[in-house]
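First comes the structure, then the notes that go with it.
The values are calculated or read from the model by the stated rules, or taken from the named source; none is laboratory data. Note that the coordinates shown come from a computational prediction; the quantities given were computed from them, not determined experimentally. Reconstructed Cβ throughout: ideal geometry from the backbone, glycine too, with neighbour counts over all protein chains shown. For accessibility, only protein heavy atoms count, side chains too; no ligands or nucleic acids. Shrake-Rupley method; radii C 1.70, N 1.55, O 1.52, S 1.80 Å.
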Amino acid sequence: IGSVKPFVNFNAKHDAELLHRAMKGIGTDEDTVLMVLTARCNDQRQEIKAAYKKTYGKDLVSALKSELGGLFEDLIVSLMTPPVLYDATQLHKALKGAGTDDQVLIEILASRTGEEIKEITKVYKKEFGGKLEKDICGDTGGSYRKLLVILLQGSREEDVDEDNIEKDAKDLYAAGEGKCGTDEEKFITILGNRSEEHLRRVFDAYKKISGSDIEESIKGETTGNLEDLMLAIVKCVKSVPGYFAESLYKSMRRAGTDDKTLTRIMVSRSEVDMLDIRANFKKMYGQSLYTTIQEDTDGDYQKALLYLCGGKD
């Protein structure tokens, strides 16, 4: 369940006027901007954008960019982007230029549903003129690339194959802990293609066979991006909100805050499962996400993040 829901008694024209007034003249009334935009769902923000253009003859996002700055601007612009386009844009930024932001590739491809990934691929092509798969293949290699490409197909199996639960668990054990060196192909095929419910059963069976969690085995058998991707898949199969709670915790609880990750998760999960992420965060770390954000951020950026968080636990 998300923390941001459609605003009741919504009036796009009225909101457009509020924003226009907030940005008119000298200085900007940031409070109005964040109160309006964090309390509307993304569909409503798109309607406000259309109403703003119709009334004032200019693009709302450009107007916001010229009035705001820094992390607050990044957050507001992200909120104004339709979710699928937002994911596609994040992937494009992660791939273009020198170096690849693997954390973004891993987070999005491991956590989105097959349907969402198919939509992202379409929008990516429309917006950036290239094929997402081709761009990913150009920037990555080896088993890591193979697994990303499998996830990109967005065609994970639907059902539980009772007859193969035990076999998959044994295959994973034999491919990893059970042999010298690791048979990465087996891991890739099983983690990339089986249904989530099937994988949960496989992980339980795996624990019985090997005596340790599948995560421990992955950490012992692989390294680098492949390890990170496999772990992300396992965590998302077990609990997507749990995966994001951990990512949020890591983005804040160290020297310096990773604001890119913090913004990306708060924006992209605000209408999906933010309340579940909050509950997981509290359970896992014994503190509320709200308080953690409060301690790690400041200014209008902080206020907007707290609105997206939706409350204390």
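Test Tyr144 against the stated conditions and say whether it is open to solvent by 60 Å² or more (accessible area, probe 1.4 Å), of a type outside the set (Lys, Arg) and within 21 Å of Ser217 (Cβ to Cβ). Before the answer, list the steps.
Numbers: open to solvent by 60 Å² or more (accessible area, probe 1.4 Å): no; of a type outside the set (Lys, Arg): yes; within 21 Å of Ser217 (Cβ to Cβ): yes.
For Tyr144, the condition - open to solvent by 60 Å² or more (accessible area, probe 1.4 Å), of a type outside the set (Lys, Arg) and within 21 Å of Ser217 (Cβ to Cβ) - is not met.
Met266 is checked against (1) open to solvent by less than 40 Å² (accessible area, probe 1.4 Å); (2) of a type outside the set (D, E, K, R); (3) over 24 Å from Glu73 (Cα atoms) and fails just one. What number does that condition carry?
Met266 satisfies all of (1) open to solvent by less than 40 Å² (accessible area, probe 1.4 Å); (2) of a type outside the set (D, E, K, R); (3) over 24 Å from Glu73 (Cα atoms) except (3).
What single numbered condition from (1) within 18 Å of Val4 (Cβ to Cβ); (2) at pLDDT 95 or above; (3) open to solvent by less than 60 Å² (accessible area, probe 1.4 Å) fails to hold for Gly311?
(2)
Just give me the residues in segment 155-188 being open to solvent by 10 Å² or more (accessible area, probe 1.4 Å) and under 23 Å from the mean Cα position of the chain (by Cα), in sequence order.
Ser155, Arg156, Glu157, Glu158
Find all pairs meeting these conditions: Cβ atoms under 9 angstrom apart; at least six residues apart or on different chains; first residue within segment 256-280 and among the small types (Gly, Ala, Ser); second residue not in a helix (DSSP H, G or I).
From residues that are among the small types (Gly, Ala, Ser), the pairs are Ser270/Gly2; Ser270/Ser3; Ser270/Val4; Ser270/Cys41; Ser270/Gly310; Ala279/Asp313.
Return the only residue of Tyr249, Tyr243 being open to solvent by 20 Å² or more (accessible area, probe 1.4 Å), touching a Lys or Arg at 6+ places or on another chain (Cβ under 8 Å) and not charged (D, E, K, R).
Numbers: Tyr249 fails: touching a Lys or Arg at 6+ places or on another chain (Cβ under 8 Å).
Residue meeting the stated conditions: Tyr243.
Given the residues Lys13, Lys93, which is the only one that is of a type outside the set (S, T, N, Q), closer than 30 Å to Leu148 by Cβ and at pLDDT 95 or above?
Numbers: Lys13 fails: closer than 30 Å to Leu148 by Cβ.
Of Lys13, Lys93, the one residue that is of a type outside the set (S, T, N, Q), closer than 30 Å to Leu148 by Cβ and at pLDDT 95 or above is Lys93.
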